[in-house]
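Data first, discussion second: the structure below is written as structure tokens.
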Amino acid sequence: MVPANCRRSDPAGGRHSARGARRRKFSWRNAQVAWLGGKAVGTVIDYDLDAAELPGSEVPEYLHPLCALELSAVGSRYINILAVLPEMRRQGVARALIEHVAARTDRDLTLIVRSGNAPALAFYESEGFDQEKAIPVGRGGPCDLTGRWCLMRRPSGSRVISENQNTVDRRRIPA
């Protein structure tokens, strides 16, 4: 399994507003893909969160709490998306992607997860993430979004070796 780096340079040379920076960073350019047997089995979108701001009127109200939590994550390496094919879960794919992200930064890792997603919360806690802050999900979103958004943080330099470490060939993950 090898996360493939899909980065491209910034043609504007970094001269952007915080809102524009968020749009550029949430991009395929910051995606890493885990491959197994020629098949994409997982992905992560991560980036240095150097600035965040309260949302403007263009952001739906139910996303406002997520934007507010991002303010608490400024200065970290922010994992915006971590996704694994359902049939590949519990086989070390997400763990390999997190370790790939951690190997490329000296910053804390942060992410946001919904409190109702118990399997994800338990997994992130097993990977050294602690719940730092939680706020209610915003109004007006999809009906299945209830509970609280939880900001989780893993301090830089943390590495968790699990009982299942043999499920992933870590040697093939580029540093």
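The values are calculated or read from the model by the stated rules, or taken from the named source; none is laboratory data. Since we're looking at a predicted model, the values are computed, not measured. With ideal geometry, Cβ positions are generated from the backbone for all residues, glycine too; neighbour counts draw on all protein chains shown. All accessible areas refer to the heavy atoms of the entire protein, side chains included, with ligands and DNA or RNA removed. Shrake-Rupley method; radii C 1.70, N 1.55, O 1.52, S 1.80 Å.
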query: Just a yes or no: is a residue in the stretch 128-138 open to solvent by less than 30 Å² (accessible area, probe 1.4 Å), at pLDDT 85 or above and out of contact with any His (no Cβ under 9 Å at 6 or more places or on another chain)?
result: yes
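If you check 61, 127, which single one turns out to be among the acidic types (Asp, Glu), out of contact with any Asp or Glu (no Cβ under 8 Å at 6 or more places or on another chain) and closer than 26 Å to residue 157 by Cα? Before you say what the answer is, go through the steps one by one.
Working: 61 fails: closer than 26 Å to residue 157 by Cα.
Only one candidate qualifies: 127.
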query: Among the residues of the stretch 81-91, is there at least one that is of a type in the set (Asp, Glu), touching a helix residue (DSSP H, G or I) at 6+ places or on another chain (Cβ under 6 Å) and either in contact (Cβ under 8 Å) with a residue 60 or more places away in the chain or closer than 16 Å to residue 42 by Cβ (or both)?
result: no
message: Out of 115, 156, 162, I need the residue that is polar (S, T, N, Q), at pLDDT below 95, closer than 25 Å to residue 68 by Cβ and touching a Ser or Thr at 6+ places or on another chain (Cβ under 8 Å). Which one?
response: 156
query: Going through the stretch 100-115 one residue at a time, which ones are farther than 12 Å from residue 44 by Cβ, open to solvent by 20 Å² or more (accessible area, probe 1.4 Å) and not small (Gly, Ala, Ser)?
result: 105, 106, 107, 108, 112, 114
- prompt: For the stretch 30-73, which residues satisfy the criterion of being surrounded by 15 or more Cβ atoms within 10 Å (Cβ to Cβ) and assigned to a helix (DSSP H, G or I)?
  reply: 30, 63, 64, 65, 66, 67, 68, 69, 70, 72
